[in-house]
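This report concerns only the one structure given below.
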């Protein structure tokens with residue numbers, strides 16, 4: 001593989017540290033790969049990102065989250081060794097990679113669900129392992145994979161539980177909690193479902209409820225482990241649109257593990273490609289999602305073509321039984 | 001989004017506070033009826049007016065007053081305490097292990113208590129039931145500590161599944177040791193039989209009051225701790241990772257909840273012997289009324305646990321006259337069909 005497209009093209013703490021003012025999907029040039037030329041004239045941009053002013057609160061509420069020399073292990077099995085990563089503040093970061101490459105483990109480490117065996121995670125320069133649990137929970141929220149709704153719980157009851165880090169024995173429930181819950185229900189569009197039982201809802205609605213619970217927690221950094229798993233494509237887009245909206249309108253830093261490379265390319269400002277417990281490449285989707293890197297990280301032969309909707313990279317897997325016609329072969 | 005925001009108007013859930021308070025009031029009414037029945041009914045039925053009279057202006061020589069004050073009042077009190085302790089402990093255990101089939105026995109309390117009582121009888125020669133309480137309490141506590149310690153080993157700490165498995169393993173081990181001792185020692189067997197059946201009737205003259213007095217601090221601490229743990233149990237119900245993400249110290253939350261459960265279940269077992277089913281059934285009776293909020297589940301358990309156990313005791317007195325059937329047996333006879341009805345009516349899984 002050529003070294004110029006190799007890992008950490010942007011270096012940590014440099015360009016990635018700033019909120020990406022220019023969305024990858026709006027870039028007309030700058031690609032290192034001729035096969036991924038951007039189209040800037042795409043008409044169907046979400047209006048939230050078209051307006052730069054919508055990004056104003058983003059700069060205000062940024063938190064700086066980085067991993068330094070982070071090692072994570074389950075028992076004796078080392079999953080992640082000496083990993084450095086910086087998560088751009090107030091941006092959407094998607095972590096992608098093959099099964100078992102350590103994506104979810106990394107996310108759990110960032111949320112302190114796993115104790116590092118080496119190195120650490122720094123929030124605004126302070127190690128998260130020294131922060132009190134509830135203080136950390138007021139800044140970083142995590143939605144793990146497959147959370148369980150207690151049987152018979154209503155939507156409002158579930159969302160209210162997200163207020164735990166803001167309450168204590170000496171601070172009973174007050175108006176600010178009611179306001180946070182109401183806002184979370186509104187933001188996720190489930191006000192009308194508030195009195196319904198969670199186990200009666202559809203998968204897409206249920207995922208909104210969980211996101212509402214995480215929002216009631218009022219974290220500035222929201223980590224999500226495969227938030228679109230088990231959802232049909234309509235609801236996948238619905239959830240990702242919701243997260244994009246949260247990022248653009250509230251400036252929430254969103255970090256999510258995603259399986260679908262094309263949705264990751266579409267919705268993320270910043271992409272982290274992992275391979276065998278290490279960061280293989282980071283950067284804007286158009287920089288990172290090249291045929292070479294996909295081949296290295298996933299062992300997948302794929303074409304990367306311009307996404308007709310966003311202009312960003314669109315990954316088209318090839319598989320064993322299909323070949324690219326000669327006239328459509330890789331551009332050079 | 002701000003224009004659509006309606007602050008401070010989080011919509012009311014389907015189960016309103018009023019409905020829950022109403023149900024709690026009904027449950028309290030049921031308990032009051034059961035208590036009245038327990039004081040009035042038995043081998044010698046006493047009219048309610050006389051019961052009231054015996055409580056307010058007791059006449060020393062009066063036979064009815066004697067029966068109420070010296071026999072029925074103590075065993076009713078025992079039933080109230082033990083029923084409340086078992087009901088709350090059962091709800092705690094189901095919350096800790098996220099297992100709808102958990103009861104105080106699951107984590108080894110009953111097996112540990114039984115083993116220690118048998119050892120006390122056979123090795124130390126303790127025969128007075130009043131002497132059992134500390135052995136029963138210590139055995140139950142020790143078994144639970146061992147269960148927690150075993151479950152906490154390895155990846156992920158004391159997860160619900162590991163707790164349940166460790167509890168079963170310790171229970172099996174303790175039970176086989178118990179059987180071994182009983183097989184080789186027939187005197188111990190005959191003494192143990194009466195303890196193991198689980199009864200609210202006094203364990204020896206004057207013993208009941210002393211037993212309750214001795215264990216009251218544990219019951220009180222366990223009860224307060226249990227209610228203090230309800231916020232954590234509510235969060236643990238959504239999975240360990242989510243709870244930890246919300247800032248809960250999962251190990252501490254689960255450890256303190258277990259401590260509360262073992263204080264309550266251990267005391268109950270020490271007072272009345274091993275009584276099954278109360279801790280298992282009561283939370284299932286409650287959940288349809290309250291939903292999954294442990295603050296309400298525990299409040300209801302405090303009322304419905306005693307109601308169930310005292311009712312079982314009354315029934316045991318009535319159906320086997322002139323003798324009586326121990327509450328522990330009646331509750332198991334009653335509990336089995338109730339449990340089957342619950343299982344048939346709704347899915348009980350997914351706590």
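The values are calculated or read from the model by the stated rules, or taken from the named source; none is laboratory data. Computed from a predicted model, the values in this text were never measured in an experiment. Please note: Cβ atoms are built from the backbone with ideal geometry, for glycine as well, and neighbour counts cover all protein chains shown.
Miscellaneous remarks
- Evaluation of residue B:223 against (1) surrounded by fewer than 24 Cβ atoms within 10 Å (Cβ to Cβ); (2) without any contact (Cβ under 8 Å) to a residue 40 or more places away in the chain (one fails), failing number: (2)
- Residues in region A:245-278 that are surrounded by 24 or more Cβ atoms within 10 Å (Cβ to Cβ) and closer than 18 Å to residue A:295 by Cα: A:258, A:261, A:264, A:265, A:271, A:272, A:273, A:274.
- Residues in region A:185-198 that are within 9 Å of chain B (Cβ to nearest Cβ) and either closer than 16 Å to residue A:247 by Cα or assigned to a loop (DSSP other than H, G, I, E, B) (or both): A:186, A:187, A:194, A:195, A:196.
- Residue in region A:257-273 that is modelled with pLDDT of 90 or more, within 14 Å of chain B (Cβ to nearest Cβ) and not in a helix (DSSP H, G or I) present: yes
- Residue in region A:202-209 that is facing another protein chain (nearest Cβ under 8 Å), part of a helix (DSSP H, G or I) and modelled with pLDDT of 90 or more present: no
- Wholly enclosed strands (runs of 3 or more DSSP E) of region A:62-160 bearing at least 1 residues more than 9 Å from chain B (Cβ to nearest Cβ) and within 24 Å of residue A:294 (Cβ to Cβ): A:65-74, A:77-87, A:92-97
- Selection within region B:124-147 - in contact with a helix residue (DSSP H, G or I) (Cβ under 7 Å, 6 or more places away or on another chain), in contact (Cβ under 8 Å) with a residue 12 or more places away in the chain and either farther than 23 Å from residue B:170 by Cα or surrounded by fewer than 24 Cβ atoms within 10 Å (Cβ to Cβ) (or both): B:127, B:129, B:130, B:133, B:135, B:138, B:141, B:142, B:146
- Residue among B:89, B:85, B:102 that alone is under 23 Å from residue B:264 (Cβ atoms), buried (at least 17 other Cβ atoms within 10 Å of the Cβ) and modelled with pLDDT under 85: B:102
- In region B:226-239, residue farthest from the other protein chains (Cβ to nearest Cβ) [restricted to those that are farther than 19 Å from residue A:172 by Cα and buried (at least 21 other Cβ atoms within 10 Å of the Cβ)]: B:236
- Residue selected from region B:126-159 under the condition part of a loop (DSSP other than H, G, I, E, B) and under 30 Å from residue A:116 (Cβ atoms), by the criterion farthest from the other protein chains (Cβ to nearest Cβ): B:158
- Unique residue being touching a strand residue (DSSP E or B) at 6+ places or on another chain (Cβ under 7 Å) and surrounded by 23 or more Cβ atoms within 10 Å (Cβ to Cβ) when the list is B:245, B:266, B:279: B:245
Conditions (1) within 14 Å of chain A (Cβ to nearest Cβ); (2) in contact with a helix residue (DSSP H, G or I) (Cβ under 9 Å, 6 or more places away or on another chain); (3) modelled with pLDDT under 90; (4) closer than 15 Å to residue B:83 by Cβ, marked per residue:
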{"site": "B:271", "(1), (2), (3), (4)": "no, yes, yes, yes"}
{"site": "B:274", "(1), (2), (3), (4)": "no, yes, yes, yes"}
{"site": "B:281", "(1), (2), (3), (4)": "no, yes, yes, yes"}
{"site": "B:291", "(1), (2), (3), (4)": "yes, yes, yes, no"}
{"site": "B:314", "(1), (2), (3), (4)": "no, yes, no, yes"}
{"site": "B:321", "(1), (2), (3), (4)": "no, no, yes, no"}
{"site": "B:328", "(1), (2), (3), (4)": "no, yes, yes, yes"}
{"site": "B:334", "(1), (2), (3), (4)": "no, yes, yes, yes"}
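- Options B:19, B:12: the member that is within 14 Å of chain A (Cβ to nearest Cβ), at pLDDT 80 or above and more than 25 Å from the chain's Cα centre (by Cα): B:19
- Residue within region B:302-320 that is closer than 19 Å to residue A:150 by Cα and surrounded by 16 or more Cβ atoms within 10 Å (Cβ to Cβ) present: no
- Contacts under 6 angstrom Cβ, first residue in region B:240-257 being within 9 Å of chain A (Cβ to nearest Cβ), partner surrounded by fewer than 20 Cβ atoms within 10 Å (Cβ to Cβ), 6 or more apart: B:247/A:133; B:247/A:134; B:249/A:133
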